[in-house]
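Q: This structure is in structure tokens; I'll ask about it shortly.
The values are calculated or read from the model by the stated rules, or taken from the named source; none is laboratory data. Computed from a predicted structure; not experimentally measured. Positions of Cβ are backbone-derived with ideal geometry, glycine not excepted, and every protein chain shown enters the neighbour counts. Surface areas here come from the heavy atoms of the whole protein model, side chains and all, with no ligands, DNA or RNA. Shrake-Rupley method; radii C 1.70, N 1.55, O 1.52, S 1.80 Å.
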Amino acid sequence: MPLHTIEPAQHTAAKAAGLLYLFTSATAIFAEFFVRGRLIVRGDAVETAKNIVASERLFRLGIASDLITELGVVALVWALYVVLKPIDRNLALLAAFWRLTEASVFTVSVVDALAAVLLLSGADYLQAVGTQQLQVLALFFVSLQGAGWRIGYVFLGLGSTVFSYLWLKSRYIPRALAIGGVFSSLLLAIGTLAIMVFPSLAAVVTLVYMAPMAVYEVTLGFWLLVKGIRAPTVA
């Protein structure tokens, strides 16, 4: 028999969370790999500037995709809170605040990408600054956006760790999936902090330490969307 009853609102929120996990993963992947991955040349201000100017619409589409992602994250946090609040309201609030801080940091960082576009816009008031200087500044702001993301990833990892713990405690989803969430979320937070302290690690670990988190979110998204949540039972 069920240990406790799941409210209809929790079932609805779980389905919404599954859809939002998949949606935000798709928009984030588009902005990172199909936009910035094509246009930004690490350490080369001239080529990066040329690419942004030649594909300004695509770059702006990436910026819009980043904003859409964060709108989705805010909705996702709401859905997760509705589902997991009955398990431990205080921990659910902590996780929600950490993830909302993540969304705030990522959203503010988008301003840096807009600044890069403005620097390369060719506006009259920029004529007093040399082309090379503008290109260097544009790459600086693009890099600054990346630095902001690292801060956001710490809050993402911490918030996701707490939410994953609540999933584990709730037994609404398979235990292995919840444990994977705790592991991948902690790995993201700790790995990001380590790179902030030891920047040379970035070239060694590349995006490997982020991969488990991406797999977890996509897997959880499909599970919630297809299977939903089920009340734990006792024999």
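Q: Between a residue in the range 163-180 that is within 17 Å of TYR21 (Cβ to Cβ) and any residue that is of a type in the set (A, V, I, L, M, F, W, C) and in a loop (DSSP other than H, G, I, E, B), which pairs come within a Cβ distance under 7 Å, given they are 6 or more apart or on different chains?
A: From the range 163-180, the pairs are LEU166/ILE87; TRP167/ILE173; SER170/ILE87; TYR172/ILE229; ILE173/ILE229.
Q: Separate question: Which one is modelled with the lowest pLDDT, of the residues in the range 1-17 that are assigned to a helix (DSSP H, G or I) and open to solvent by 20 Å² or more (accessible area, probe 1.4 Å)?
A: Per the criteria, the residue is PRO8.
Q: Let me ask something additional. Six or more apart or on different chains, Cβ atoms under 8 Å: show the pairs whose first residue is in the range 46-69 and β-branched (Val, Ile, Thr) and whose second is part of a helix (DSSP H, G or I) and surrounded by fewer than 15 Cβ atoms within 10 Å (Cβ to Cβ).
A: VAL46/GLN132; ILE63/LEU114
Q: Continuing with the same structure: Restricting the search to the range 144-187, which residues are hydroxyl-bearing (Ser, Thr, Tyr) and surrounded by fewer than 19 Cβ atoms within 10 Å (Cβ to Cβ)?
A: Result: no residue meets the conditions.
Q: Also: With respect to VAL218, determine if the residue is within 21 Å of LEU22 (Cα to Cα), under 15 Å from the mean Cα position of the chain (by Cα) and not basic (Lys, Arg).
A: Against the criterion (within 21 Å of LEU22 (Cα to Cα), under 15 Å from the mean Cα position of the chain (by Cα) and not basic (Lys, Arg)), VAL218 qualifies.
Q: Name every residue in the range 18-46 that is in contact with a Gly (Cβ under 8 Å, 6 or more places away or on another chain), aliphatic (A, V, I, L, M) and open to solvent by 50 Å² or more (accessible area, probe 1.4 Å), in order of residue number.
A: Matches in the range 18-46: LEU19 only.
Q: Inspect the range 132-145 for any residue being over 21 Å from THR24 (Cβ atoms), part of a loop (DSSP other than H, G, I, E, B), at pLDDT 90 or above and of a type outside the set (Val, Ile, Thr) and give the result as yes or no.
A: Looking through the range 132-145, none of the residues is over 21 Å from THR24 (Cβ atoms), part of a loop (DSSP other than H, G, I, E, B), at pLDDT 90 or above and of a type outside the set (Val, Ile, Thr).
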